[in-house]
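Shown next, in structure tokens, is the structure this report addresses.
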């Protein structure tokens, strides 16, 4: 006999792909109902923690978990490849975006150096700290790239969050700082969207059942170096 609570669990389990439900839906419903008092089942609902757990399982099973059908395995591989390449590009952008100004600064005159340092020291202590963080935090992208290649998935996700954090300032904080009616540029929006889409791809693609990160067409080091050369060339041009 199916109770109302059992029907509610089956509704939530529809988040899972059909192949997974066909194998394990009955077992999962029985497990959820096992510790429940039968007299109170019609009044109870799935806990939010259980719903979140099922949603996370849905992502893993749709992105190439063990035993997934070919189309889900291909989707998972595509998401992981996007995540790794995007982290590499963002890492190259962070490295060249700091290396080139540092190289220019080493040969700049006193006035140019003073003007550059005013970015960090000319607007008060709090703004100086904020500008320093905006300069430093994107360097988490190269470390996230290394962490992914070493299969440190949680560390890579945390570092990707840190690397993407400055994009929120450029998207929200700076327009507010300039006053109402100042919209962020299209480039700012695209940059922020790319950074946070990459964070989501790292988190969802490299789940516990996913294979280790690997570039199928080139070694990881030369790929990052080549991306740095392309980024540096575009900045110079």
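Every number in this text was worked out from the coordinates using simple rules, so none of it is lab data. Predicted model, so just to flag it, every value in this text is computed and none were measured. Glycine also receives a Cβ, built like all others from the backbone with ideal geometry; neighbour counts cover every protein chain displayed.
For the chain, take the longest principal axis of its alpha carbons; what is the angle in degrees between that and the long axis of helix 186-205, to the nearest 10 within 0 to 90? Tilt of helix 186-205: around 40 degrees. As a rough guide to protection, the peptides 138-147, 14-23 ranked by mean Cβ packing within 10 Å, highest first, stand as 138-147, 14-23. Working value for the stretch 5-149: equivalent-ellipsoid semi-axes of 53, 22, 8 Å, each the square root of 5 times a Cα gyration tensor eigenvalue, largest first.
When only Cα pairs below 8 angstrom with a gap of at least 6 residues are kept, the stretch 4-62 shows a relative contact order of 58 percent.
For 26, 50, the sequence from fewest to most other C-beta atoms within 10 Å is 26, 50.
For the stretch 75-236, just say rounded, prolate or oblate: build the C-alpha gyration tensor, square-root its eigenvalues into a ≥ b ≥ c, call rounded for a/c under 1.5, and beyond that prolate if a/b exceeds b/c, oblate if not. Let's see the in-between values first.
Details: a/c = 2.23, a/b = 1.55, b/c = 1.44.
Since a/c reaches 1.5 and a/b is larger than b/c, the shape of the stretch 75-236 is classed as prolate.
Take every Cα pair under 8 Å whose residues are at least 6 apart in sequence, average their separation, divide by the length of the chain, and the relative contact order is 23 percent.
Projecting label points 7 angstrom from Cα along Cα→Cβ for residue 34 and residue 55 puts them 2.6 nm apart.
Relative to the longest principal axis of the Cα atoms of the chain, the long axis of helix 110-121 lies at roughly 30 degrees.
Ordered by the count of other Cβ atoms within 10 Å of each Cβ, fewest first, 28, 235 give 235, 28. I'd like the orientation of helix 125-136 relative to the chain: the angle between its Cα long axis and the longest Cα principal axis, in ° from 0 to 90, rounded to 10. The two axes meet at around 70 degrees. By the count of other C-beta atoms within 10 Å, a proxy for reagent exposure, 104, 196 are ordered fewest to most as 104, 196. When peptides 187-195, 72-80 are ranked by their average number of other Cβ atoms within 10 Å per residue, the highest-first order is 72-80, 187-195.
Using a cutoff of 8 angstrom between alpha carbon atoms and counting only pairs six or more residues apart, the relative contact order for the stretch 1-140 works out to 18 percent.
Under the classification rounded if a/c is under 1.5, otherwise prolate if a/b is larger than b/c and oblate if not, where does the stretch 197-237 fall, given a ≥ b ≥ c as square roots of the Cα gyration tensor eigenvalues? The shape class here is oblate.
Anisotropy class assigned to the stretch 4-62 is prolate, per the alpha carbon gyration tensor with a/c at or over the 1.5 cut-off and a/b larger than b/c. The helix-based estimate of mean residue ellipticity at 222 nm for the chain, built from -39,500 (n - 2.57) per DSSP H run of four or more residues and divided by its residue count, is -24000 deg cm²/dmol to the nearest 500. Label sites at residue 118 and residue 106, each approximated as a point 7 angstrom past Cα along Cα to Cβ, lie 2.6 nm apart.
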